[in-house]
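Here the structure comes first, spelled out in structure tokens, and everything after it is commentary.
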Amino acid sequence: MLGAVVRFVVSALVLMVVDWLLPNFSLAGFGTAFLAAVAIAAGGWLAESLFGPGVSPQRRGLVGFLVTAAIIYLVGAVVPGVRVTAMGALLSSLLIGLIDTVVPTELR
């Protein structure tokens, strides 16, 4: 349980960095970032359950990249305090992938 909380806190911090770097992606604060991290993880789990492990962010092919961008875009519509454009979703998906190579958000 503690591992999951740590994962979501690290993911929320990554989202805060993305918010700081990208003009087309904004968060209302850390609480919003934490909710967005939970929603993105839930969306990723749902996409992987429906379409198989090939669409997961850990298998960063083009399909995984686009699915992650779509999930981020949908989170912007569902989570209050998250504003993201289509271009912001694409760029944030790319940036989150790059940050994830340095600071993994999944416990291994």
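Each reported figure results from applying straightforward, stated rules to the coordinates on display, with no laboratory input. Not measured: the values here are computed from a predicted model. Counting neighbours? That spans all protein chains shown, and the Cβs are built from the backbone with ideal geometry, glycine included.
Quick notes on this structure:
- For region 2-102, the relative contact order works out to 31 percent when only alpha carbon pairs closer than 8 Å and six or more residues apart are counted.
- Anisotropy class of region 2-102 from Cα gyration tensor, a/c 1.5 cut: rounded
- Net charge dipole, the chain: roughly 60 debye, given to the nearest 20, about the Cα centre with Cβ charges of +1 for Lys and Arg and -1 for Asp and Glu.
- Computed over the chain, the per-residue total of -39500 (n - 2.57) for DSSP H runs of n ≥ 4 gives a 222 nm mean residue ellipticity of -24000 deg cm²/dmol, rounded to 500.
- Screening the chain for whole DSSP H helices of 30 Å or more along their axis (Cα) with average Kyte-Doolittle hydropathy at least 1.6 returns none.
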